[in-house]
Amino acid sequence: MTFRENVMAILHYENYDYFPVVSFGYWNETLEKWAREKHITSEEAEAYARYGDNSEADLSVMKRLGFDFNWNSCISTNSELFPPFPKELIEEKRDGGRIIRDEQGFLVLEKPGIVSIPSVIGTTLTDRKAWEQLYLPKLQWHNSRVDTEYLQSLTSCENRTIPIGLHCGSLIGYIRNLLGVEQLSYLYADDEELYAEIIDTVANLAYRCVESALKSGARFDYAHFWEDICFKNGPLVSPSVFAKYVGPHYKKITTLLNQYGIDIVSVDCDGLIDSLLPIWMENGVNTMFPIEVGTWKASIAPWRQKYGQELRGVGGMNKTVFARDYNAIDEEIERLKPLIELGGYIPCPDHRIAPDAKFENVQYYCEKMHNLHL
């Protein structure tokens, strides 16, 4: 059986002959550190930063570590701003910092020497006028949003060794990106009509993109959404609001996916997602990826107890052990064993491997997982 066949068998609670060891990529700084330590080449680190997941550089690094494949193997359409805003320098600070308008219309503060996510200090999407004049024209459907010529090369699964997903976009997390958390919250209170209109516009565009991709004849093993609409204490949007405005759009898209034989539908949402889980499940999303362990100790076990085998998962491996020692890794694998035995679950580092990870620890984890006996 191929990795693809094994994965799909696991997620459908069927017999399989090999348990895949799955990756979800790395911070660029992680590969830069490993290159300095001579575990990989600087060319590999630079190429991964340029080309990302499932590139030749990623495949090379995974081979050195012992991973079988990167789970982030999705084909994307473009349901975002098109064209994006031109990146623009707004102001230079005396301390060397710069205020930039980025491609999404955010005003961000870039500080010298800081490699983490820039600080967002404002947005261009300030009112209905800005929405109608600057954003709405960039969120219209046209055929160039979907590369149907490329998709027609995916009409057969015969030579496919890993599962390939269709990325269905984001129905509210992307809007959070455009507005910011605070502005998103105020908008619902200040102008509920505009709030709903923005969600409807983004979600309907996502639907058109998914529909076009499916009509191309391409065959996908699963479908995937991205949201990132939670933090360590829960969702950044009220579950009742999420159910009312976002839930129906999920249902519309997942119904379409099911009509094309796609029955594994996953969502990537960071943070404590428990209060949004029933809404996703009711509207056709049945797989959580990644399961961010975090300080709240997320695990598939309580979800499975509550929702049964309809809920699947990929992720939930606490990557922080990579910064520690072999004993910590052994303990983490022992924690994962009973979760694997539940079926419908594949461990994967719960987010991209961070710079504190030791190369030899990741190798050790992969080796132990390859020799896992259940």
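Structure summary
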| read-out | value |
| --- | --- |
| All Cα pairs of the stretch 290-374, percent lying beyond 16 Å | 51 percent |
| Estimated FRET transfer efficiency (Trp141, Lys63; beta-carbon r; R0 41 Å; 0.05) | 0.50 |
| Lys, Arg +1 and Asp, Glu -1 on Cβ, resulting dipole of the stretch 138-259 about Cα centre, debye, nearest 20 | 400 debye |
| Tensor-based shape of the stretch 97-161 (alpha-carbon gyration tensor, a/c under 1.5 rounded, otherwise prolate or oblate) | oblate |
| Lys, Arg +1 and Asp, Glu -1 on Cβ, resulting dipole of the stretch 207-338 about Cα centre, debye, nearest 20 | 400 debye |
| Value at 222 nm in deg cm²/dmol, rounded to 500, when DSSP H runs of n ≥ 4 in the chain each add -39,500 (n - 2.57) | -11000 deg cm²/dmol |
| Additional length obtainable on full extension of the chain from Asn233 to Lys337, 0.36 nm per residue less Cα span | 34.7 nm |
| Contour excess over end-to-end distance, with Cα ends at Glu46 and Ala328 and 0.36 nm allotted per residue | 98.5 nm |
| Dipole of the stretch 188-263 [Lys/Arg +1, Asp/Glu -1 at C-beta], most positive-end residue of Leu194, Gly234, Ile253 | Ile253 |
| Estimated inter-spin distance, Glu14 and Glu56, nm [label 7 Å along Cα→Cβ] | 3.5 nm |
| Total charge dipole magnitude, the stretch 307-374, about the Cα centre, Cβ charges on Lys, Arg, Asp, Glu only, Debye to nearest 20 | 160 debye |
| Relative contact order, percent, the chain [alpha-carbon distance under 8 Å, six or more residues apart] | 18 percent |
| DSSP-defined antiparallel bridges as percent of all bridges, the chain, nearest 5 | 40 percent |
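Readers should treat all values here as calculations from the given coordinates under stated rules, not as data from a laboratory. For clarity, every value in this text was computed on a predicted model and none was experimentally measured. Counting neighbours? That spans all protein chains shown, and the Cβs are built from the backbone with ideal geometry, glycine included.
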